[in-house]
Structure formats: C-alpha cells, structure tokens
1. What number goes with the only condition from (1) open to solvent by 50 Å² or more (accessible area, probe 1.4 Å); (2) part of a helix (DSSP H, G or I) that L22 does not pass?
2. Applying the selection to segment 113-133, what residues are open to solvent by less than 40 Å² (accessible area, probe 1.4 Å) and in contact (Cβ under 8 Å) with a residue 40 or more places away in the chain?
3. What pairs can you find where one residue is in segment 143-155 and on the phi < 0 side of the Ramachandran plot, the other is surrounded by fewer than 13 Cβ atoms within 10 Å (Cβ to Cβ) and assigned to a loop (DSSP other than H, G, I, E, B), and their Cβ atoms are less than 8 Å apart, with a gap of 6+ or different chains?
4. Quick check on my filter: what residues within segment 3-19 are assigned to a loop (DSSP other than H, G, I, E, B) and crowded, with 18+ Cβ neighbours inside 10 Å?
5. Go through segment 53-70 and give me each residue that's open to solvent by 60 Å² or more (accessible area, probe 1.4 Å), touching a residue at least 24 places away in the same chain (Cβ under 8 Å) and over 18 Å from the mean Cα position of the chain (by Cα).
6. For segment 2-17, name all the residues that are of a type in the set (G, A, S) and at pLDDT below 95.
7. When you scan segment 39-49, do you find a residue that is at pLDDT 95 or above and either part of a strand (DSSP E or B) or touching an Asp or Glu at 6+ places or on another chain (Cβ under 6 Å) (or both), even just one?
8. So which residues in segment 68-94 are under 25 Å from Q166 (Cβ atoms), not in a loop (DSSP other than H, G, I, E, B) and not hydroxyl-bearing (S, T, Y)?
Amino acid sequence: GAQIVDADVIAKSLVAPGSKTLATIAEYFGNEILSNGELNRARLRQRIFENSSDKKWLESLLHPLIRKTIENYLAIPNSAPYLILVAPLLFENGLDQLAQRTLVVDTSEEQQLERVICRDGGNIETAKAIMAAQMPRLQRLGRADDSIDNSGAWADTQKAIAILHQHYLQLAAAHDTHNSINPVPHL
C-alpha cells in the first residue's frame, strides 16, 4: 500500500522521445546517443563515464529537473500509509533531505559489480566507473536508518521487506497521530 516515487522512472520520463530534455542532450552529445529517436542509455553511460566534463554537464541538466519533479510528487496529498522515494544516488544528490527515514538495499561490492555488468551488457570498466562515482558502501550503510541485504535468496529479501514494511506501517501510524498537516511520511 505504500506509494512509490522512483527517481529512475522520473529520469526516463524526462528524456522520453520528443522531449525538450532529450533534444538538449542530443544537441550537446550529438545524434550518436540516439537510437530510433530514443536515448541510447548504454552509449550515453559509456560516454559520460569516459569524460568527467560530459558527466558534469549531464548531471547539471538532469539532477535539478529530477529533484523538482520528486518534490512535486511529494507535495501531492495521497492516502498511502507511507511514501517510498527510490533514488540510487539518494545521499550523493542530497535527496535524503526529502525523507524522514532512509533505507539502503545492500549487497557486496562484488555482487554489485556483477549486477551492473549484467545490466549494462558486460563493460567492466564502465561498471567500475559507475560504482566509483557512488558513495562507498560502508559510508552509505552508515548513513542509512535501515538496510536490507539482498545478496541472498529472493525469499530472504522478501521476508526482510515484509518485516520492514510492518515497522514502517507502525511508524506511519505514529506519525499520522502527531501530524495532521502532512499525514504521509516520506521514507
């Protein structure tokens, strides 16, 4: 019953075919980052992790737009018991300031590297660059209020999620009785 606001979904919607943001990106990087009118994410990812100034330019364009869209979603009243903001760079981009509680879904660095390589088609150098651009794992875990280890079986992860969900429902219920202005906590 929780409402989900996902930064990656927002980012993808901002660069949808025909969008102003996609046109701006194509103007800067050239049409080689497009494939059939859509953003070729793998090609763009490789380019920005090979060139730090390109990465900075793209972040300066997208991050403010993503944050503003997230803030707009968070401001919409809803009846969910709590709201989850899914953001891979939550701490790095200061989005944790929009949350009342933070959760890190964790796995070993080796498994994280393996998953990035699998997702992106096997480019180990790009995968390492992506991980290097993120906050170190132990620092991220140290900043989180809660964590879930998803390195094991999916059934184990589901159990951890169910337990945490019950905890969040309790926190949300306590929050609701103390805050009649903004009854949906942002977790």
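The values are calculated or read from the model by the stated rules, or taken from the named source; none is laboratory data. Everything numeric in this text was worked out from a predicted model, so none of it was measured. No Cβ is skipped: glycine too gets one built from the backbone with ideal geometry, and neighbour counts run over all protein chains shown. Surface accessibility is based on the protein's heavy atoms, side chains included, excluding ligands, DNA and RNA. Shrake-Rupley method; radii C 1.70, N 1.55, O 1.52, S 1.80 Å.
1. Single failed check for L22: (1).
2. D120, T126, A129, I130
3. Between residues of segment 143-155 that are on the phi < 0 side of the Ramachandran plot and residues that are surrounded by fewer than 13 Cβ atoms within 10 Å (Cβ to Cβ) and assigned to a loop (DSSP other than H, G, I, E, B), the close pairs are S151/S108.
4. From segment 3-19, those assigned to a loop (DSSP other than H, G, I, E, B) are 15-19; that's our starting set.
Scanning segment 3-19 gives a single hit, V15.
5. Listed by number, the list holds a single entry, W57.
6. A2
7. Yes: segment 39-49 contains one or more residues that are at pLDDT 95 or above and either part of a strand (DSSP E or B) or touching an Asp or Glu at 6+ places or on another chain (Cβ under 6 Å) (or both).
8. L74, L83, I84, L85, V86, listed by residue number.
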